[in-house]
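The values are calculated or read from the model by the stated rules, or taken from the named source; none is laboratory data. Every value quoted in this text rests on a predicted model; they were computed, and no experiment measured them. Virtual Cβ from ideal backbone geometry, glycine too; neighbours counted across all protein chains shown. The area values use the complete protein model at the heavy-atom level, side chains included, leaving out ligands, DNA and RNA. Shrake-Rupley method; radii C 1.70, N 1.55, O 1.52, S 1.80 Å.
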Amino acid sequence: MGSVLIVDDMPGSARLIESLLAPDGHTIRTAGDGGEALELVRGAPPDLVLMDVMMPLVDGFEACRAIKQNPETRLIPVVLVTSLDDTDSRVRGIEAGADDFVSKPFNGVELRARVRSLLRIKQYTDELDSAESVIVSLALTIEARDGTTGGHCQRLSRYGSALGRVLGLDADAVSALSRGGFLHDVGKVGIPDAVLLKPGPLTVTEYALMHEHTVIGDRLCGTLRSLRNVRPIVRHHHERLDGSGYPDGLRGDAVPLLAQVMSIADAFDAMTTARPYLPARPAAWAAEELRREASRGWRRMDLVDAFLDKVAQSIAFPG
Amino acid sequence: MTAVMTDERARHDLKNQLAIIRGFAELLLADATESQQRRRDLEEIHKAAVSALALLDRLYPVAGTEPGEHAR
C-alpha cells in the first residue's frame, strides 16, 4: 500500500485506474494535467506517479523530466501510460527518466502488479534514505559533543557545495560535497572525549588515534550504496598532495578532487573558529595560511584561489 | 475560432474514450454478484467497445505501420 498520484486529462480514464487499483487499498489522488501534478508532487510527494503522456499544456514527458531532475523527487517512480503500439513515446519516456510503462487499454491485473512492485522498490529506497539520515544525525551528535565547533557541519556543507559549483562540477558531485560537509568527521564517534576535547597539544599516540577518525568514518558509510560518492571525502579529507597527510599518504591527483575541495573548506573554517587548542584567526590570516600551504605543496593553488575569491569572499567579507 | 483537431489527437481521444467504456465494463463483469441478465447486457457493452477499438485501429493505423504489423 502507498500513495499514488494518477495524472490524466480525461477524468474517466483517471477514475478507471482508480477503480482498478481500489482492491489494493492505496491512497489515491488525481491531477488533470502535468502542471497540476507537479504542484501536488511538490506539496506532498507521493510514492508513485501514474501519468498519461498526451495531455494539454504540460505533457507527461515534461512533467516526468521535471520530477526526475529535482533531487527531492527523483526517487519517486514514474509510470507513463502510452498506447501499446507507440514505440516512439516509449523512447521519449525512457529519455525523460520514466521507470516503467503501461499500455492503454489497461490490463487490470498487470497494472496492479506493476504498481505493487514499484511501491515495494520505493519502500526500499525510503529505508536507505532513513539509514543515511541516521548517519547524518550521528555526525551532528558528534558535533554537539564538541561545544566549540557549533555549526561547523552546516558551514562545511555550504562552503563545499558552493566551491563545487564554482568549479563547474556535476550535480552528483555537488550533492556529495553538500552531504560530505555533514559527514566528513562522522568517524570521530570512535574517538574518546579525552582526546577529541583535549585543550593542550596531543601526544604522538593521541595523534595516531585522532587520525583514525577518517578510517572509522569511511567504514561507517561503507554499508550504504547511496553514500558511495561521499566516502572518498570522509576518508581522504586530511590527505596532502605531497603525501604527508593521512590516512593513506596519497599524493597529487591520487587524492580525490572532492576530498581536496572539502579539505580547503575544513581548514578555513577550523582556522576562523575558536577551538579547544587554538583561538579563532581573522579570515585574512586564514587566507594567507591556505596560500602558504598550497606553496608548500599540500594543496592545489587554483582550488585555494577559487575558494578564497568566489566562496570565502562572500562569507567572510559579505557585502 | 474553431479548434481543429489533428487526426492523431482525435484518434487518441476516441481510443481513450472507448478504453474507458471497455475498462469499466470489465470491472463490472468481474463482479460476481451481477445477475445473469445484467451480465449479458454488460457483455454487449464490452463487445461493442472491443469491436470499436479494433475498427479504430483498422481505420487509422499509427503512421508508418500496417494493421497487424508490430515489428520490423
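Here are the numbers:
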read-out	value
Selected from A:D86, A:D172, A:D33 as most flexible by GNM, with chain A as the system and alpha-carbon contacts under 10 Å	A:D86
Eligible lysines near A:K104 by straight Cα distance, threshold 29 Å, same-chain separation 8 or greater	A:K68, A:K122, B:K15, B:K47
Placed amide H near A:K104: partners under 5 Å, 5+ positions off or other chain	A:T82, A:S83, A:L84
Cα centroid separation - the stretch A:127-204 against the stretch A:11-42, whole Å	41
Interface B:A - total buried accessible surface [probe 1.4 Å, Å², rounded to 100]	1400
Using alpha-carbon coordinates, inclination of helix A:108-145 to the longest axis of chain A, degrees	20
Accessible surface, per residue, of the protein assembly as shown when the full set of protein chains is kept, probe 1.4 Å, Å²	52
Charge dipole magnitude, Cβ of K and R +1, D and E -1 - chain A, Cα centre, debye nearest 20	900
Share antiparallel - DSSP beta bridges, the protein assembly as shown, percent rounded to 5	5
Heavy-atom accessible area, 1.4 Å probe, ligands and nucleic acids excluded: residues of the stretch A:92-129 down by at least 50 Å² from chain alone	A:P105
Cα coordinate range in the stretch A:164-209, projected on the principal axes (Å, largest first)	41, 18, 16
Backbone HN-Hα couplings from phi across the stretch A:167-183 [Karplus 6.51/-1.76/1.60, Hz, Gly and Pro as x]	7, x, 6, 6, 4, 5, 5, 5, 5, 4, 5, 5, 6, x, x, 6, 9
A:A171 paired with A:E206, simple spin-label distance in nm, labels 7 Å along Cα-to-beta-carbon	4.6
Area of B:I21 that stays accessible when all protein chains are in place (1.4 Å probe, Å², to 10)	80
The stretch A:284-300 - phi-based ³J(HN,Hα) in whole Hz, Karplus 6.51/-1.76/1.60, Gly and Pro as x	5, 5, 5, 5, 4, 4, 4, 5, 4, 5, 5, 4, 6, x, 7, 9, 7
With every protein chain in place, the protein assembly as shown: carbon and sulfur % of accessible area (1.4 Å)	56
Label-point separation, A:A270 to B:V50 (7 Å along Cα→Cβ), nm	7.4
Sites matching GluC sites (Glu not before Pro) across the stretch A:1-97 that sit in DSSP coil, with at most 13 neighbouring C-beta atoms within 10 Å	A:E72
Calculated from backbone phi, Karplus (6.51, -1.76, 1.60) coupling profile of the stretch B:35-47 in Hz, x at Gly/Pro	6, 4, 4, 4, 4, 4, 4, 5, 4, 5, 4, 4, 4
Sequence-distant aspartates and glutamates (8 or more away, or on other chains) whose Cα lies within less than 12 Å of A:K188	A:E143, A:D146, A:E212, A:D218
Delta accessible area of at least 10 Å² on complex formation, residues of the stretch A:50-88, 1.4 Å probe, chain isolated as reference	A:D52, A:M54, A:S83, A:D85
Label-point separation, B:Y60 to B:E8 (7 Å along Cα→Cβ), nm	1.2
Chain A: calculated mean residue ellipticity at 222 nm from DSSP helix runs of at least 4, using -39500 (n - 2.57)	-17000 deg cm²/dmol
